[in-house]
Amino acid sequence: MIKALFLMLILGAICGLILGFASKVFHVEVDHRVEEVQAMLPGYNCGGCGYPGCSGMAAALCSGEADISSCKPSKPEQKEAIRQWLKDHPANA
Ligand code: SF4
């Protein structure tokens, strides 16, 4: 019985070390600005911008790959608000 408990303790410690190491190695940095920008887009998910829905467009806008003018359904004031928001919230700020 003691042997089994000791074995489980060792296995738990090894699994914990492996998971801790994996969380460091496979850590993915998330840009929290994407959710904010996505909320400002029309949300039609029409794909007219060339990206897979508004979330893809928001990610591209935050990374600087896309321009908001590609989103035809959004109104001019929405486009200007997004441009201003991205200026006010640059990456790595
Ligand atoms: S064109 Fe605009 S509304 Fe359509 S998916 Fe792209 S960002 Fe969304």
*Could you say which residue among Met8, Met57 is near the ligand (Cβ under 9 Å from one of its atoms) and part of a helix (DSSP H, G or I)?*
Met57
*Every residue from the stretch 60-87 that is touching a helix residue (DSSP H, G or I) at 6+ places or on another chain (Cβ under 8 Å), part of a helix (DSSP H, G or I) and without any contact (Cβ under 8 Å) to a residue 40 or more places away in the chain*: Leu61, Cys62, Ile68, Ser69, Ser70, Gln78, Lys79, Arg83
*Which of (1) small (Gly, Ala, Ser); (2) touching a Lys or Arg at 6+ places or on another chain (Cβ under 9 Å); (3) within 16 Å of the ligand (Cβ to nearest atom) does Ala39 not meet, given it meets every other one?*
(2)
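Where a number appears in this text, it was derived from the coordinates with a stated rule and is not lab data. Since we're looking at a predicted model, the values are computed, not measured. Quick reminder, even Gly has a Cβ in these numbers, built from the backbone with ideal geometry, and neighbours come from all protein chains shown.
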